[in-house]
1. Name the residue, out of Val151, Val68, that is closer than 27 Å to Ala218 by Cα, surrounded by fewer than 24 Cβ atoms within 10 Å (Cβ to Cβ) and modelled with pLDDT of 95 or more.
2. What's the total number of residues in region 355-382 that are crowded, with 22+ Cβ neighbours inside 10 Å and touching a Lys or Arg at 6+ places or on another chain (Cβ under 6 Å)?
3. Looking only at region 223-234, decide whether some residue is touching an Asp or Glu at 6+ places or on another chain (Cβ under 8 Å), loosely packed, with under 15 Cβ neighbours inside 10 Å, closer than 21 Å to His98 by Cα and not charged (D, E, K, R).
4. Considering only residues that are of a type outside the set (A, V, I, L, M, F, W, C) and outside any strand (DSSP E or B), which ones fall in region 198-221?
5. Show the residue pairs meeting these rules: Cβ distance below 7 Å; 6+ apart or different chains; first residue within region 90-106 and outside any strand (DSSP E or B); second residue surrounded by 24 or more Cβ atoms within 10 Å (Cβ to Cβ) and charged (D, E, K, R).
6. I'm told Gly211 meets every condition in (1) more than 30 Å from the chain's Cα centre (by Cα); (2) small (Gly, Ala, Ser); (3) on the phi > 0 side of the Ramachandran plot except one. Can you identify the failing condition by its number?
7. Quick check: anything in region 346-354 farther than 20 Å from Gly28 by Cβ, surrounded by 24 or more Cβ atoms within 10 Å (Cβ to Cβ), at pLDDT 90 or above and touching a Phe, Trp or Tyr at 6+ places or on another chain (Cβ under 7 Å)?
8. Working only within region 399-420, note down all residues that are out of contact with any helix residue (DSSP H, G or I) (no Cβ under 6 Å at 6 or more places or on another chain) and more than 13 Å from the ligand (Cβ to nearest atom).
Amino acid sequence: MCGIVGYVGRDQALPIVLEGLRRLEYRGYDSAGVAIVDGGLTVAKRAGRLADLEAVLEPSALGGRLGVGHTRWATHGAPTDRNAHPHVDCTGRLAVIHNGIIENFQGLRARLAKEGHELASETDTEVVAHLIEERLRADGLGLADAVRRTVRDLEGAYALVVCSADEPDLLVGVKVASPLVVGLGDGETILASDVPAVLGRTERAIPLAEGQVVVATAAGASVTDLEGRRARPRPIRIDWDVARAQKGGYDSFMRKEIDEQPAAIRDTLVGRVVDGRIVLDELRVSDDALREVTKVFVVACGTAFHSGLVAKYAIEHWTRLPVEIEIASEFRYRDPVLGPDTLTLAVSQSGETIDTLEAARHARRQGSHLVAVTNTVGSSLAREADAVLYTHAGPEIGVAATKTFATQMVSQHLVALYLAQARGTKFPEEIADVLAELAALPAKVQRAIGLDDRVRAIAERYRDARDVLFIGRHTGYPAALEGALKLKELSYLHAEGYPAGELKHGPIALVEDGVPVVAVATRCHVYPKMLSNIQEVKARGAEVIAVVTEGDVEAAALADHVLEVPETPELLAPVVVTVPLQLLAYHIARLRGLDVDRPRNLAKSVTVE
Ligand code: AGP
């Protein structure tokens, strides 16, 4: 998620803007830029780190007392110099920085280009600068009114900050769904996408409310709604230190990212469903080619692999295509039967995991259509694939994958439904029903997050367990695998996930008095079988923690502890069911005094074999 900083005041803007951007680095970024007003407008931007930007800054940027800065986490257009923010209008005197997504930018872009505007980037943001330019020129408005008029034409979620060399004393900021904070200093005002950027300069801030516009000057800030009606927001006092502020007040990035799952799922669905049909513009494999596909392969590692297992169940059920899913490091060293009639999904949060990358390359060399599912625009995997489906989860800082797991599953559900749509294996109404269920997921995940206190109490009891088993059937099985992986990587307890039916073939020997068994037992077609498996482990002394569907008294009667989650169709259920399992791992690790963001021996992105 991009970082935004705007400064107007009596000091030099550039050092303050750069320091603000440094404080926002934790949000993740792949390019950075600044625009400083000092008579004219000086813009500098670069792909890479802030240091790369600082290396190209002109001395002319040093004088101004008003400026904006941005760290970009690419969503539309690769992370290049050209796509970095700020973006300017045709006059080069107006600059815009943006966090979020302008959903209708393609239509706006086409119109602007037709009308003679020169668009220099592939981003959604650039259209905003040109739209404001139009309002300024055609309607003779001042900057603040021109911005207010422009945002009426924008769809999506965004925070914007705009400055112009023609109104050198003010910044205009807008908040529609993406955050924007106004720091009120002594003779200065700072606009920022997050609190850390204003800390150290002021403790008074106004977090803008939905649909508010701020006009900031050195003397203060005036806030209105989008129609220009004056609002009177009360400033709050911020007494966080920088580290705490970067985590939004959470004790860890992981916990914050668990809470971000509803929004991440929503962002991943945005713009991909129109009138009940799936529109995956980025899936640049033709429907004809998709109709010729006879087999699908999924390659991935770790958590991404678990998301692929869920996808296997969904693709096979909705399209009747056989799906082979394999751990990437195994796939790449065998001789899978691939060809032009196969489709390979390579799933990777980072897009840089070497095993997944090599497996994907192998598939492509053998003629398979390669679709990447990744969270990282411009990553190696994204660049090398025939098509990319981005998970719009935003940067994930915690080493343990949480919100990217949820969005990997949702993205692959979309691919599965798209295949069903293209191949005609599901009626449009059936697809529309599943899409409605996908749209309902954020609210259900939110309810599951509400189990936090209950999960913590359970974690207290099992914080020193020696072994923990996770069992599930059908899509409960990948959820069990993911629960076990989260627990072992964060708490260093021994945990294993098993298909519940497999227990009797060996693992049940591990069950003795007091061994905790986490059973994924939500209502689905194999639910009665799960109840039998719970009884089997109970009979051998296990203490069962069951994740069940809300209101289920039958499973509750068998288990020692129950965690109730909202009813969800079984192919989508892992998105909801995994939440209490993430929380369990988080709480046990915290109770054991461990760093959940940086578990030992692990790297966020595994770029060596
Ligand atoms: C999950 O919590 C892990 N951090 C790990 O299993 C991860 O999912 C795996 O290394 C794959 O990473 P990728 O999605 O970036 O390819």
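1. Testing whether each residue is closer than 27 Å to Ala218 by Cα, surrounded by fewer than 24 Cβ atoms within 10 Å (Cβ to Cβ) and modelled with pLDDT of 95 or more leaves just Val151.
2. Number of matching residues: 2.
3. Looking for residues that are touching an Asp or Glu at 6+ places or on another chain (Cβ under 8 Å), loosely packed, with under 15 Cβ neighbours inside 10 Å, closer than 21 Å to His98 by Cα and not charged (D, E, K, R), one finds at least one in region 223-234, hence yes.
4. Those that are of a type outside the set (A, V, I, L, M, F, W, C) and outside any strand (DSSP E or B): Gly200, Arg201, Thr202, Glu203, Glu210, Gly211.
5. Going by the 7 Å Cβ cut-off, the qualifying pairs are Phe105/Asp124.
6. That leaves (1) as the condition not met.
7. no
8. Passing the criteria: Leu414, Val415, Tyr418.
The values are calculated or read from the model by the stated rules, or taken from the named source; none is laboratory data. For clarity, every value in this text was computed on a predicted model and none was experimentally measured. Reconstructed Cβ throughout: ideal geometry from the backbone, glycine too, with neighbour counts over all protein chains shown.
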